[in-house]
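Everything on this sheet refers to the single structure shown next.
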Amino acid sequence: EKTLYYISDCAWARYADNPLAGYEAIVSTTSEAMNANLRSPRVPEALLRLGLANVNVGNLVDAGGYIVALLRRYPDYPGVAQGFTALGKAQLKRGLNERAEQSFSIVLDKYPESSYLQEASVGLAEAFSNQKKFQNAQLILDFISKRWPRYYIEDPTFLFLQGANDEALDKPVAALTLYWLYFNLLPGQKGNDELLFKMGEDRKS
């Protein structure tokens, strides 16, 4: 069993930068290790790895199956939050906003102390915004701003998400403040000319 997991670990590490090329090797070695002893303490790790391997190649149906199985069988395993966060981000990229909302919500509801809470919160706000659930998005955006008040420095594009949501809620002054903050953080950023034009038009209106 240990040897089989070592082989799985090696495949996972070897193809870390090329998950598509390593997909078959990762899935086959991890499945073999897991099925060697379904009572092994490493089974949840194997389920997570299988889920992430499928996320990495865009196979979201199988990925969801493994990650949901992980939640149901090992709800206390810390990797559950990682799995649903990765799945939610992949769903967002595909435009599957309702499913992404469900994935991120599981992290917020069940794993509020997870190290993936920040990523899941930002993803949930984006999923709400994409579905035009602007009031719901505002609740999450307020939570992020209070919990991680300087998050926008790490990811300045977060200010656009906040600003767009404020505009949708008819709060142009609040949105303008956020756009100015972005401009002052990254004055030489490409696209700032268009941003200045937009802010000027917003002021006129």
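The values are calculated or read from the model by the stated rules, or taken from the named source; none is laboratory data. Model, not experiment: these values are computed from the prediction. As a convention, Cβ positions derive from the backbone with ideal geometry for all residues, glycine included, and neighbour counts pool all protein chains shown. For the accessible areas, the whole protein counts, side chains as well, though only heavy atoms, and no ligand, DNA or RNA atoms are used. Shrake-Rupley method; radii C 1.70, N 1.55, O 1.52, S 1.80 Å.
Relative to the compact-globule scaling 2.2 N^0.38 Å, provide the ratio for the alpha-carbon radius of gyration of the stretch 52-165.
On the way: Rg = 13.7 Å, N = 114, 2.2 N^0.38 = 13.3 Å.
Taking the Cα Rg and dividing by 2.2 N^0.38 Å, one obtains 1.03.
Once R0 is set to 45 Å, what does the formula 1/(1 + (r/R0)^6) return for the Cβ-Cβ distance between residue 118 and residue 31, expressed as a FRET efficiency to the nearest 0.05? Write down the numbers at each step before the final one.
Working: r = 32 Å, r/R0 = 0.71.
The formula returns an efficiency of 0.90 here.
What are the GluC sites (Glu not before Pro) within the stretch 1-50 that DSSP puts in a loop, where the Cβ has at most 11 other Cβ atoms within 10 Å? Could you put the intermediate results ahead of the total?
On the way: sites: 1, 24, 32, 45; in loops: 1.
Filter output for the stretch 1-50: 1.
Stretch residue 18-residue 61 to full length: gain in nm at 0.36 nm per residue minus the Cα-Cα span?
Difference between extended and current length: 13.4 nm.
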Taking only the alpha-carbon atoms of the stretch 38-117, the convex hull volume per residue, in cubic angstrom, is 79 Å³
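Of all GluC sites (Glu not before Pro) in the stretch 73-150, which ones are in loop regions per DSSP and have a Cβ with at most 13 other Cβ atoms within 10 Å? Walk me through the intermediate numbers first.
Numbers: sites: 98, 101, 113, 119, 126; in loops: 113.
Passing sites in the stretch 73-150 are 113.
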With all protein chains in place and a 1.4 Å probe, residue 17 shows an accessible area in Å² (nearest 10) of 150 Å²
Share of accessible surface on carbon and sulfur in the chain, whole %, 1.4 Å probe and ligands ignored, is 53 percent
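Please identify the longest segment of the chain free of exposed trypsin sites (Lys or Arg not before Pro), where exposed means a DSSP state other than H, G, I, E or B and no more than 12 other Cβ atoms within 10 Å. The partial results should precede the final answer.
Values: sites that count: 39, 94, 132, 150, 190.
My reading of the result: 40-93 is the longest stretch.
Determine Rg/Rh for the chain; Rg is computed over alpha-carbon atoms and Rh is the Kirkwood hydrodynamic estimate from the same atoms.
Numbers: Rg = 20.4 Å, Rh = 18.8 Å.
When Rh is taken as the Kirkwood radius, the ratio is 1.08.
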